1. Scanning region 46-61 for residues that are small (Gly, Ala, Ser) and within 37 Å of the chain's Cα centre (by Cα), which turns out surrounded by the most Cβ atoms within 10 Å (Cβ to Cβ)?
2. Across region 136-147, what is the total count of residues that are modelled with pLDDT under 95 and within 19 Å of ARG103 (Cβ to Cβ)?
3. State whether one or more residues within region 167-185 are within 25 Å of ARG47 (Cβ to Cβ) and either hydroxyl-bearing (Ser, Thr, Tyr) or in a strand (DSSP E or B) (or both).
4. Could you grab me the full set of residues in region 87-113 that are within 44 Å of the chain's Cα centre (by Cα) and either modelled with pLDDT under 75 or in a strand (DSSP E or B) (or both)?
5. Within the set of pairs 6+ apart or on separate chains, which have a first residue in region 170-191 that is farther than 23 Å from GLU228 by Cβ, a second that is aliphatic (A, V, I, L, M), and C-beta atoms under 7 Å apart?
6. Just for region 274-302: of the residues that are of a type in the set (A, V, I, L, M) and open to solvent by less than 20 Å² (accessible area, probe 1.4 Å), which one is farthest from PHE419 (Cα to Cα)?
7. Across region 571-618, what is the number of residues that are over 20 Å from the mean Cα position of the chain (by Cα) and over 21 Å from PRO561 (Cβ atoms)?
8. Among the candidates ALA336, ALA326, ALA351, ALA320, which residue alone is among the aliphatic types (A, V, I, L, M), assigned to a loop (DSSP other than H, G, I, E, B) and modelled with pLDDT of 95 or more?
Amino acid sequence: MGIHCALIAVATCLPADDGFRAAPAAFLQQVATRFGVADGLPADDCRAIIVDGRGEVLVMTAAGAARFDGERFVKLDSSRFPRSERERIAAERALVRRFGQVRDVARAADGSLAVAAVGGLFLKKRTASDWQRLFPHDGARSWYPREARAVAFDEDALWFASTQGVGYFHDGAWRLLTGADGLPYNDVTCAATGPGGVVWFGTRIGAIRYDGETWEYRQGRRWLPHDEVRSIAVAEDGTAWIATAGGVGRIEHVPMTLAEKARFYEEEIDKRHRRTPYGFVLEVTLDRPGDTSVWHNHDSDNDGLWTSMYGAGECFAWAATRDPAARERATKAFEALRFLGTVTQGGTHPAPPGFVARTILPTSGPDPNAGRLEADRRTRATRDAEWKLIDPRWPVSADGKWYWKCDTSSDELDGHYFFYAQYHDLVADTPEEKARVRDVVVALTDHLIEHGFNLVDHDGKPTRWGHFSPQDLNFNPVWWEERGLNSLSMLSYLKVAEHVSGDSKYRDVARELIDKHGYAINALYPKHQTGPSTGNHSDDEMAFMGFYNLLRYERDPELRPIYAHAFHEYWELERPEMNPLFNFMFAAVCRGDTWTDPWGTKDLSPYGDWLEDSIDTLRRFPLDRIDWHLKNSHRLDLVRLPGPDRHGRPLPRGHRRNGKVLPVDERFFEHWNHDPWRLDTGGGGRVLADGAVFLLPYYMGVYHGFIEK
């Protein structure tokens, strides 16, 4: 069987009654399948591929020809390769005597011939007696193609590719396209046209699809068996068959809905991505690149955060669909997160009440403390002078069954509070269920208050990233970068605690932080950044969760505009990232809010193409969640960002010429805390990420009415 992976095409959105728009239910998902020797090919070294007049797919390899039978390839006598293809090859050889080194030959439906050669681009019309050399010109552009690479005819146009770029002749005029027009790469090896005016170009680094408006770059093993493309053929239904140096690739269009995609991810998570009986959700590792038949679960520093975001998605799913499976998944996530607060109590190194662990490991396995203190000392000496030295980093639970990881960070708390608010409001129906949520939230919040707004470990000292106190945030320069974000987080925690408990003391505590210590003003600027792709991208995820909860519950007429204005300013930084989670969070709580200052009143509602971008990202989201390497730093259509990243690494970063990041189908990431401006992403194909990164924004969008069910 071939190996399957997937992505999506883009469609328009329908207007909704309130001026916002919701996505229509169906779209076409691009599904990629890779075929090799194990699927019947005589050799992986493929030279040419065609779709004959009967719709059969035939490929020529270094070891002979083969025909696709609907499931796999069957070896074929090379003499049975279609006469039309053999005649084309013979004609190409004959033309070498006239034009020198011929790159490609194409025949139009009316019998006209076009030749791409090292010496130029040539056309012989059916009625003409001789060849015409073509000099394409388009306004100020006038090309002298000294090396044409490929030619192809469709019903209305002649397409070509050269070292300058690609172009086509239609209705008596040329149109020439380069990287400035969206062409990703110009080292073209072949071209093929398909229905609907679509044209494909093969290159030495991937394939390109162009439908007249949108360019799609298909590179890496998410899409192809090998990056070197030798030949492309397009079937009548638009399926592209691609012969490469490492096998045959097929990219087809399959009707799908966002709801069907969500169910696919949920089933994958239930099958592979749950760790321990509590069901913590995160990525898995694979023994062999791309082989999902064997996988291994493991812990991470952020099991609580990732399980929180997964669980919150299932809370929205239950509220929007009333699917009992969603309620069950959300409840399981609650119990997993609740356990991170109870496992820390008792044992030989008990944490103060309310403290939550990062994650757990069974004591039946290896001791995670082995060598850890020495590693922490090296980290403190070489990377982080504030790194916490604590031993054990993995205490044992009171029942002796679990190691639990301490030194819990602020992003873990952000995830917990974000989830508890959704679970309390959307899932917990009975007084008993709501009381269980209240008990967890109150214990954690009281812990923070009683320890001077710090998260305090089993050693009686704050964790490395658990500082929320006025003394640290307002007077300690070490915490200058976290001043705004941690002020925002603490106000959000207190607001959630007030909401789920009904206890006004949390409002009073928040009021003191606001009036005496300026926490609301601190929150006006929660992120330090010096331009696109700068700052800590984990902070973005944290801030948006905090703003969402805070603005859902804040009704104070003086405070709400401050928070809404801060959220609006932050969202404007994130707009080019086409992030559906961030867009939906902001739109859900800030529509209709305003901000008034000496220069007037500003509408804080989202504007522009935020919804189209969000839907585009959800549709393009790959079903293949393997960390295949995706390379974009060589592309011609991107604008590079200067300088190294925030850690001093000279990673290639950039964006499209419209100012937006690359589409989600042309990069790899696991969670929304990634840097979307990075051009080269992914790895060796041995990590399988989960689909929670899709589920949360999708179900949130459905719940808030941005996406039709």
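The values are calculated or read from the model by the stated rules, or taken from the named source; none is laboratory data. Keep in mind the model is a prediction, meaning the values are calculated, not measured. All Cβ positions, glycine included, derive from the backbone under ideal geometry; neighbour counts span all protein chains shown. These accessible areas exclude ligands, DNA and RNA; they are computed on the full protein's heavy atoms, side chains included. Shrake-Rupley method; radii C 1.70, N 1.55, O 1.52, S 1.80 Å.
1. Across region 46-61, the extreme among qualifying residues is ALA48.
2. Looking only at that region, the number is 5.
3. Checking region 167-185: at least one residue is within 25 Å of ARG47 (Cβ to Cβ) and either hydroxyl-bearing (Ser, Thr, Tyr) or in a strand (DSSP E or B) (or both).
4. The answer is ARG88, ILE89, GLU92, VAL102, ARG103, ASP104, VAL105, ALA106, ARG107, LEU113.
5. Final answer for the pair search is HIS170/ALA157.
6. Result: LEU286.
7. 1
8. On inspection, the qualifying residue turns out to be ALA351.
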